[in-house]
Amino acid sequence: MNKIDLKGEVAIITGGAQGIGLATAKRLAASGSKVCLWDIDKSMLDAAKAEIGRAASVYKVDITKLGQIERTCERINKRFGKITILVNSAGMAGINTSVDQYPVDEWNRIMDLNVNGTFYVNRTVVPYMKQHAYGRIVNIASVAGKEGNPNASAYSTSKAAVIGFTKSLGKELAGMDIAVNCVTPAAARTRIFDQMSEEHINYMLSKIPRGRFVETDEIASMIAYLVSRENSFTTAGVFDLSGGRATY
């Protein structure tokens, strides 16, 4: 593992108790950052804190609730004096079915978490970064947001929205030392697979030229660079982790 210096940084990681979020929290903590893990599952948060140790603090937060986000950011800023990193990893895949059969309630639930939640978290964190004229944000999108997956219209649409949102915010903040980027991984074997049919999982694997799913540690490695001070120029960027699948 390459050493990336994140000493003195304070990171919020949504979805931080599992999957990509947990892998990222471990990597950032190993690099010297304080990591504030957000998740809706208290037992998993406690397990994550036990695994990471003193560098981690945990907060039960539903990112579809703006008030919870605002109160928790205020607590973190009061405790640490700053918020310098945001990794927005919380999200859901939803069911696999055709557009004409897609339940409207399910569509709205995915949009609320993946799109509105991304907006709420970024909207709340950015002013804290502006106070110190510094920050690094990484939103987790997906190759599905670039390529689209059949029978996954809500997820694909929501992750395309995350890409567009990241590009917009990155340009807004380009005159400051606040970088906003996103990553577009291929599927990783996390709990999100529990929401997918076996047919859909096999479809995703068949589209990856490397012939395997991405590892969460591989995603965390890219994120660690993007949230470091070494990333002093790139913003509003989309970083591919699709194993060769993406065509742009």
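Cβ-Cβ distance below 6 Å, separation of 6 or more or different chains: which pairs start in region 33-62 with a residue that is over 17 Å from LYS82 (Cα atoms) and aromatic (Phe, Trp, Tyr) and end on one that is modelled with pLDDT of 95 or more and buried (at least 19 other Cβ atoms within 10 Å of the Cβ)?
Matching pairs, first to second residue: none at all.
Would you mind listing the helices (runs of 4 or more DSSP H) fully within region 141-245 where at least 3 residues are in contact with a helix residue (DSSP H, G or I) (Cβ under 7 Å, 6 or more places away or on another chain) and more than 30 Å from LYS130 (Cβ to Cβ)?
Once the helices (runs of 4 or more DSSP H) in region 141-245 are filtered for at least 3 residues that are in contact with a helix residue (DSSP H, G or I) (Cβ under 7 Å, 6 or more places away or on another chain) and more than 30 Å from LYS130 (Cβ to Cβ), what remains is 153-172.
Only one of LYS65, LYS78 is more than 24 Å from GLU9 (Cα to Cα) and either among the small types (Gly, Ala, Ser) or at pLDDT 95 or above (or both); which?
LYS65 is the lone residue from the list that is more than 24 Å from GLU9 (Cα to Cα) and either among the small types (Gly, Ala, Ser) or at pLDDT 95 or above (or both).
Of all residues in region 226-245, how many are exposed (fewer than 15 other Cβ atoms within 10 Å of the Cβ) and of a type outside the set (D, E, K, R)?
The number of residues fulfilling the criteria is 4.
Return the residues of region 213-225 that are over 21 Å from GLY148 (Cβ atoms) and either surrounded by fewer than 20 Cβ atoms within 10 Å (Cβ to Cβ) or not small (Gly, Ala, Ser) (or both); say none if nothing qualifies.
Result: GLU215, THR216, ASP217, GLU218, SER221, MET222, ILE223, TYR225.
Check ALA154, ALA141 and return the single one that is closer than 26 Å to LEU241 by Cα, buried (at least 16 other Cβ atoms within 10 Å of the Cβ) and under 14 Å from the mean Cα position of the chain (by Cα). Spell out the reasoning first.
Values: ALA154 fails: under 14 Å from the mean Cα position of the chain (by Cα).
From the options ALA154, ALA141, the qualifying one is ALA141.
What are the residues in region 88-114 that are within 30 Å of VAL10 (Cβ to Cβ) and in contact with a Lys or Arg (Cβ under 9 Å, 6 or more places away or on another chain), if any?
Answer for region 88-114, where residues must be within 30 Å of VAL10 (Cβ to Cβ) and in contact with a Lys or Arg (Cβ under 9 Å, 6 or more places away or on another chain): GLY91, MET92, ASN114.
Looking only at strands (runs of 3 or more DSSP E) that lie completely in region 1-119, which have at least 1 residues being polar (S, T, N, Q) and surrounded by fewer than 21 Cβ atoms within 10 Å (Cβ to Cβ)?
Output list reads 56-60.
Any idea which of ILE85, ILE140 is closer than 20 Å to ALA186 by Cβ, of a type in the set (A, V, I, L, M) and modelled with pLDDT of 95 or more?
That would be ILE140, the only listed residue that is closer than 20 Å to ALA186 by Cβ, of a type in the set (A, V, I, L, M) and modelled with pLDDT of 95 or more.
The values are calculated or read from the model by the stated rules, or taken from the named source; none is laboratory data. Treat the numbers as computed from the prediction; the structure is a model and nothing was measured. Positions of Cβ are backbone-derived with ideal geometry, glycine not excepted, and every protein chain shown enters the neighbour counts.
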